[in-house]
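Reading through the structure tokens given below for one structure.
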Amino acid sequence: MLHIRRLTIASRALALGTAMVLAPVAARAQVPTGWQAVTDGSAEYSVSADGARRDGGQGFAGATIKANVESPRGSAMLAQSIRADAYRGKRVRLTGYLKTIGVNEGTAVLFMRVDGDGVVQTSDYMQNRPVMLTTDWARQEIVLDVPRTAIGFTFGFLLGGSGQAWLDDVAIDVVSNDVPVTGQAGGLYPASKPLSDREIDRRRRDQEVAYRRAAGAPVNLALRREGAPVIVAARSTTH
């Protein structure tokens, strides 16, 4: 499927199971405070804060990811990671408004991934409801249960393919169990084989070290500029 193929490029590090921290970077004026742009290292995409806000929105700023070539082979995202301390045992909803122009080859999505016990515990990359083509502002949401053993989670938005996507009015809140979950157990990619107890222990230690550097709460959901965030990415196969 096209949207899965696009997600496998820049998002592979964020979709896999064993966490590592991308060290804080110097503040970049074009990226909102507390967020980090993650790309394939090419010039195929630009990621930045943007003034094209939704009418009736928060009124501060938005963010955008733009493909700089007609048929990019990779993808790009804007994301941040936080510790799960305040959310363990709760059902959490990520919402945001997305708008797209010319996403004719690929998709735009919100995503969220919960890490703990050395694995991706649950995730949602909107695989069954990606935003495509040209669309006006529309509210998107992800709802996941955060297990009591969770160490942290990573969330953001991603463009894989042509065109341009915008994000505005991001929110994270705790909801009741009456609100249905949207994601799945595990990560975006199924494990190729069961993990050994030794490997699970190693990954658990890596996650604990990585998330020590993450914030304890979401940062700058209004998408203002200036800042230097921490992102927890990954380096091995998910489980």
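The values are calculated or read from the model by the stated rules, or taken from the named source; none is laboratory data. Keep in mind that this is a model prediction, so the values were computed, not measured. A quick note on method: Cβ atoms are made from the backbone with ideal geometry, for glycine too, and the neighbour counts reach across all protein chains shown.
For segment 89-102, check the following and say yes or no: at least one residue is part of a loop (DSSP other than H, G, I, E, B) and over 26 Å from Tyr189 (Cβ atoms). Looking for residues that are part of a loop (DSSP other than H, G, I, E, B) and over 26 Å from Tyr189 (Cβ atoms), one finds at least one in segment 89-102, hence yes.
Selection within segment 169-216: residues that are modelled with pLDDT of 90 or more and of a type in the set (S, T, N, Q). The member of this set that is farthest from Ser123 (Cα to Cα) is Ser196.
Can you report the number of residues in segment 78-111 which are polar (S, T, N, Q) and under 13 Å from the mean Cα position of the chain (by Cα)?
Keep residues of segment 78-111 that are polar (S, T, N, Q), which gives 80-81, 95, 100, 104, 107.
Right, trim to under 13 Å from the mean Cα position of the chain (by Cα) and you get 80-81, 95.
Residues flagged as polar (S, T, N, Q) and under 13 Å from the mean Cα position of the chain (by Cα) within segment 78-111 amount to 3.
Candidates in segment 38-60 are the residues that are at pLDDT 80 or above and in a loop (DSSP other than H, G, I, E, B); of these, the one that is farthest from Phe111 (Cα to Cα) is Ala43. The condition of being modelled with pLDDT under 90 and in contact with a helix residue (DSSP H, G or I) (Cβ under 9 Å, 6 or more places away or on another chain) holds for Gly74.
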